[in-house]
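Here the structure comes first, spelled out in structure tokens, and everything after it is commentary.
Every number in this text was worked out from the coordinates using simple rules, so none of it is lab data. All of these numbers come straight from a predicted model, not from anything done at the bench. Cβ sites come from the backbone with ideal geometry, for glycine too, and all protein chains shown count toward neighbours.
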Amino acid sequence: MEDLWERSLKLIKERIKSQNYKVWFEPVSFVSAKDEVLTLKVPNKFFKHWLTDNYVSIIKDILSELTSVNYNVNFLVSNKKEKKHKVSAYAKDYLKSKVNLNPKYTFENFVVGHCNGIAHAHSMAVAKSPGGNNNPLFIYGGVGLGKTHLLNAIGHKTLNTQSTLNVHYLNSEEFMNELIYSIRYDKMNNFRNKYRNSCDILLVDDIQFIGGKERTQDEFFHIFNYLYDSRRQIVVTSDNFPKSIPQLKDRLKSRFESGLIAYIKPPEMETKIAILKKKAELDEIDLPDEVAIFIASKIKSNIRELEGCLLNLAALSSINNSPITIDLAQEILQNFLQYKKEKPNIEQIQKVVAKHFNIKLSDLISNKKMRVVAFPRQIAMYICRNLTDYSFPEIGSKFGGKDHSTVIYAVKKIESKIKEDSPLKNDINSLTKNLSP
Ligand code: ADP
Ligand code: MG
């Protein structure tokens, strides 16, 4: 099985920058791969956090390409200096949560500001009286702004105060996979009963991924109605307002719009600084105020990036055994921002590819199968995969709700075509050049 990890590493190496591979993958060692869980050993907590937030989707994608099994990835921290009582508290917290909630994502760890005040207040209200008047709650906002964090926090708080409640937390892809499994193995009754009879609170993350998935939407709709009618709580998150989710059926849109809706805005300066300080405190990082202000002024909106920058800083200062200073922050940020700048977003890639092939943007993200649009679409998916950090499902969702397997197929196809067709290779190279500043 170690061989599986070796083979995965080869592919990871091809897909990420060599500098990132060196920093984040060379220190990782294989522990085991069994029962669909890959366990890896990492040198410290920073690695665990950073890999979890940034590379798990790549690792999972690669494992499923290699084995067709959907592995989960688990990290063991091998830092001997780690304080004993802390580790066990962490483990205890994890065990206490009967569901797969992230133990870090609690209300206590959530910094409230203007940008997220309403979403936070609604989430607290739901956690205090689930199934009350705040049903359903729909939280939406951009990437890395705290939606998943709040959803987990609701789960933790309800379990802490009413431990007998059944909390189901999952993202919409997991819901879909479970449904597919149930259909295939003739277990639809179990599937429905699980949600209808033993679910008091249903927390579904990233609901936008069910756009375009007819059957999943139908099942979700029935479960939603059943839970709603029996006054049980539903909370969903999305990257967009219900109306703007591509290929979401009207009846689901109107259900989502019938309850409370909270928008999380990009954070203002004060909130960014407060979040940095909170993270530093939690991870025991010695972060001077002036460095916090400096980082917050450079990173525009994404809180995950803010956190990533802090973790990079902490990792570098612990490797170098030097304190965190503005100079060090500048160095990290330079790499970080440069690295960021190189990455266009999916919409930019779609625009450039559509223009290049002289087709409509709407056709590029449609379901049309004619070669004149299907081929540019595959090229666009391939470029997205290569130039951005989005996962296969995320790319699929931006192409009008395509399945992740469609994206994997497109990427593989273009990869093999490039090998034998050099004009195509030149074409793609020049497109890629146009997209990098
Ligand atoms: P989203 O689901 O909106 O993409 P996440 O909930 O995953 O974003 O948040 C990204 C990271 O930023 C997480 O590590 C989360 O803990 C952190 N984060 C986001 N908002 C806050 C906040 N208000 N306070 C503390 N941490 C936050
Ligand atoms: Mg999220």
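Fewest first, what order do VAL411, VAL372 take by the number of other Cβ atoms within 10 Å?
VAL372, VAL411
List the chymotrypsin sites (Phe, Trp or Tyr not before Pro) within region 136-214 that fall in a DSSP loop (any state other than H, G, I, E or B) and whose Cβ has at most 15 other Cβ atoms within 10 Å.
Loop-located and lightly packed - TYR185.
If we count other beta carbons within 10 Å of each Cβ, what is the order of MET188, MET124, fewest first?
Ranking MET188, MET124 by Cβ neighbours within 10 Å, fewest first, gives MET188, MET124.
Residues with amide H under 5 Å of PHE30's amide H, sequence separation 5 or more or different chain, H placed in the peptide plane at 1.01 Å from N; which?
LYS41
About the Cα centre of region 303-435, what is the dipole size in debye to 20, counting +1 per Lys and Arg Cβ and -1 per Asp and Glu Cβ, all else neutral?
The dipole of region 303-435 has a size of about 840 debye.
Find the centroid of the Cα atoms in region 187-260 and in region 29-71, then give the distance between the two in whole Å.
Answer, in whole Å: 29.
Suppose the chain between LYS17 and TYR185 were pulled fully straight at 0.36 nm per residue; how much longer would it get relative to their current alpha carbon spacing?
That works out to 56.4 nm of additional length.
Past 22 Å, Cα to Cα: identify those pairs from LYS369/LYS413; LYS22/LYS277; LYS60/LYS402; LYS187/LYS213; LYS243/LYS402, in the order given.
From the list (LYS369/LYS413; LYS22/LYS277; LYS60/LYS402; LYS187/LYS213; LYS243/LYS402), the Cα-Cα distance tops 22 Å for LYS22/LYS277.
At what distance in nm do the modelled label points of ARG196 and LYS413 sit from each other, each positioned 7 Å from its Cα along Cα→Cβ?
Distance between label points: 4.0 nm.
Going through region 193-284, which GluC sites (Glu not before Pro) have at most 14 other Cβ atoms within 10 Å and a DSSP loop state?
GLU268, GLU284
Computed FRET efficiency, Cβ-Cβ of SER422 and VAL112, R0 56 Å: what is it to the nearest 0.05?
0.50
When each pair of different Cα atoms in region 264-350 is counted once in the 1/r mean, what is the Kirkwood radius in angstroms, to one decimal?
One over the average 1/r among Cα pairs gives 13.4 Å for region 264-350.
Could you state the per residue volume, in Å³, of the convex hull enclosing the Cα atoms of the chain?
Per-residue hull volume (Cα only) is 154 Å³.
With label points built 7 Å along Cα→Cβ from the Cα atoms of VAL69 and ASP218, find their separation and express it in nm.
3.3 nm
Among the GluC sites (Glu not before Pro) in region 340-437, which ones are in a DSSP loop with at most 16 other Cβ atoms within 10 Å of the Cβ? Mind listing them?
Here the sparse-neighbourhood loop sites are GLU342.
Would you please give the residues with an amide H less than 5 Å from that of LYS104, counting only those at least 5 places away or on a separate chain, with H modeled from the backbone geometry?
Here the answer is none, since no amide H 5 or more places off falls under 5 Å of that of LYS104.
What nm value, rounded to one decimal, do you get for the distance between SER254 and ASN434 when each label is placed 7 Å out toward the C-beta?
For the pair SER254/ASN434, the computed spacing is 4.3 nm.
So if each residue of separation counts as 0.36 nm, and I subtract the Cα-Cα distance between ASN225 and ASN133, what length gain in nm does that give?
Separation in residues times 0.36 nm, less the Cα-Cα distance, equals 31.6 nm.
Give me the extension gain from ILE319 to ASN100: residue separation times 0.36 nm, minus the current Cα-Cα distance, reported in nm with one decimal.
Gain on stretching ILE319 to ASN100: 75.6 nm.
Taking the chain as a Gaussian network, where each spring joins two C-alpha atoms under 10 Å apart, which residue of LYS213, LYS369, LYS104 fluctuates the most?
In this elastic network of the chain, the residue with the biggest mean-square fluctuation among LYS213, LYS369, LYS104 is LYS369.
If you take every DSSP beta bridge fully contained in the chain, what fraction is antiparallel? Give it as a percent rounded to 5.
Just about 15 percent of them are antiparallel.
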